[in-house]
1. I'm told Ser59 meets every condition in (1) closer than 21 Å to Pro144 by Cα; (2) among the small types (Gly, Ala, Ser); (3) touching a residue at least 40 places away in the same chain (Cβ under 8 Å) except one. Can you identify the failing condition by its number?
2. What is the residue count in region 78-111 for residues that are of a type in the set (Lys, Arg), in contact (Cβ under 8 Å) with a residue 24 or more places away in the chain and farther than 20 Å from Ala157 by Cβ?
3. Would you kindly identify the helices (runs of 4 or more DSSP H) lying entirely within region 29-138 that contain at least 1 residues that are more than 24 Å from the chain's Cα centre (by Cα) and surrounded by 10 or more Cβ atoms within 10 Å (Cβ to Cβ)?
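Any read-out appearing in this document is the output of simple, stated calculations on the displayed coordinates, not a laboratory observation. Just so we're clear, the structure is a prediction, and the values are computed from it rather than from any experiment. Cβ sites come from the backbone with ideal geometry, for glycine too, and all protein chains shown count toward neighbours.
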Amino acid sequence: MARREMTRLSHRGAAIFCCALLISSCRVDHERTEDRRYGLGHVATPAQIAARDDDVAPSGEGLPAGHGSVPEGQTLFASKCATCHGEMGEGKPPAYPALVGRDPRAEQFAFGDDPTIKRTIGDYWPYATTVFDYVRRAMPQNAPGSLTNDEVYAITAYLLAANRVISGSATLDSASLVAVKMPAVSHFVKDDRQGARQVK
């Protein structure tokens with residue numbers, strides 16, 4: 001009985017020793033990892049952060065100063081956008097979907113039932129500010145972020161006019177863009193569910 005107890009104690013002692021050794025080894029590896037320096041990158045400056053912090057909310061928060069007209073936007077679209085999106089914004093499937101077009105079937109917002117209905121700006125997008133936000137950050141594809149704020153306002157104006165959302169003689173700025181009501185906005189509802197993160 002004593003011998004069994006001694007064996008059990010010795011096994012227990014060996015297990016404790018192994019755990020201590022493993023913890024010590026992990027600590028050393030962690031310290032070594034923390035000490036490594038690769039000489040890459042640097043802490044972002046406030047100016048660099050501000051340059052990337054350029055999203056625009058549906059409320060218009062984040063819209064910059066500037067303005068642009070539909071005729072100006074039409075000229076810019078032809079020179080900077082039509083190569084990919086088509087001369088009239090009709091798209092070039094499958095890579096570039098249509099931006100312009102108002103399908104009568106979209107009045108019932110039947111996109112889930114009929115996948116042939118194109119989800120264009122005029123048919124599907126709920127907020128005009130989203131057009132500005134996306135164009136400014138992501139377009140043109142070969143030089144995203146290269147457009148001035150005035151150019152983005154102008155292209156946004158042209159796309160909204162081409163979708164018969166605003167008049168063809170309109171000029172947009174931050175105030176008038178926020179005031180634009182998109183045809184599809186009533187089909188979108190706020191997600192107000194309560195609960196854990198996974199519910200969202």
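1. (1)
2. Taking region 78-111 first, the residues of a type in the set (Lys, Arg) are 80, 92, 102, 105.
Filter once more, so that each one left must be in contact (Cβ under 8 Å) with a residue 24 or more places away in the chain: 80, 102.
Next cut, farther than 20 Å from Ala157 by Cβ only: none.
The total comes to 0.
3. Hits in region 29-138: 70-80.
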